[in-house]
Amino acid sequence: MGEVISLDARRRARAAGPEIARPRAARGGSGLAATLWFDLASPSTYFAAERADQMFPGLRWCPALAGPRPGRASRPALAHDVALRAADARAKELRMPLVWPEPDAAGCRSAMRVAAFAAESSKASAFVLAASRLAFCGGFALDDPEILAEAAAAAVLPLDDCLRAAGDRSRDAAMEAAGRRLVALGADRLPVLGLGRRLFCGEERLAEAAAAAREPGELRRAPLDESAG
């Protein structure tokens, strides 16, 4: 999968000078905008964050909440175990470390609110990368204010603004609405890569999406939910 992105390298690059603002959406050879909807509670977001920006420069990151998430007590035990095994197998396939947060550390609604704030500040990629590494490389609870502060620092986000965003429940509605819309379009899991009129569900489909970007006619003709599921 190539080299894992270094948080230290990102910090050094930002310390060297002001960050150049990225466009709100990626445009590849097809000229079509790319958007990644994600949930920080999912290890698949962690897997995707390491590659998505490299594959789709200027990618638009959008937090979304949809359905039960790994680690929630309400998830049936068998389905939860299957999800754990699948994620562990995928981590080995990608040669990435995977450390599961404690069950009571799985919630990350506050972190998702900060992710929404980071997206508004055009720094979502750095925040998602840092937060997902803290969760799934370190096993830390993302809703812990100290852990949120670490992720915010990695993304060069103002700490006070991030803490205010973390407690802003009004941000939840937009993320829940995004999740409902994705489900209505046929998406069955996050992250979801939207490119043209197609949705690619699951991080394992990022390469397929990149290949499809070279076929703009197919992307424009396909219905939005063609590749869901």
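The values are calculated or read from the model by the stated rules, or taken from the named source; none is laboratory data. For clarity, every value in this text was computed on a predicted model and none was experimentally measured. So basically every Cβ, Gly included, is an ideal-geometry build from the backbone, and we count neighbours across all protein chains shown. Just the protein is used for accessible areas: all its heavy atoms, side chains included, with ligands, DNA and RNA removed. Shrake-Rupley method; radii C 1.70, N 1.55, O 1.52, S 1.80 Å.
Quick test for you: out of Ala213, Ala187, Ala178, Ala173, pick the one residue that is closer than 17 Å to Leu36 by Cα and at pLDDT 95 or above.
Ala178
For the range 183-192, does any single residue satisfy the condition of being touching a helix residue (DSSP H, G or I) at 6+ places or on another chain (Cβ under 6 Å) and not hydrophobic (A, V, I, L, M, F, W, C)?
yes
Just give me the residues in the range 151-200 being crowded, with 19+ Cβ neighbours inside 10 Å and either of a type in the set (Asp, Glu) or part of a loop (DSSP other than H, G, I, E, B) (or both), in sequence order.
Ala155, Leu157, Ala187, Leu190, Pro191, Gly196
Got a sec? Which of Asp104, Asp143 is closer than 17 Å to Ala41 by Cα, modelled with pLDDT under 95, part of a helix (DSSP H, G or I) and not hydroxyl-bearing (Ser, Thr, Tyr)?
Asp104
Considering only residues that are open to solvent by 70 Å² or more (accessible area, probe 1.4 Å) and in contact (Cβ under 8 Å) with a residue 40 or more places away in the chain, look in the range 201-219 and name the one that is farthest from Ala52 (Cα to Cα). Please lay out each step first, then the result.
Step one: list which residues in the range 201-219 are open to solvent by 70 Å² or more (accessible area, probe 1.4 Å), which gives 204, 208, 214-215, 218.
Filter again for in contact (Cβ under 8 Å) with a residue 40 or more places away in the chain, leaving 204, 214-215.
Values: Glu204: 11, Arg214: 16, Glu215: 19 Å.
That would be Glu215.
For the list (1) open to solvent by 10 Å² or more (accessible area, probe 1.4 Å); (2) at pLDDT 90 or above; (3) among the hydrophobic types (A, V, I, L, M, F, W, C), I need the number of the one condition that Ala79 fails.
(2)
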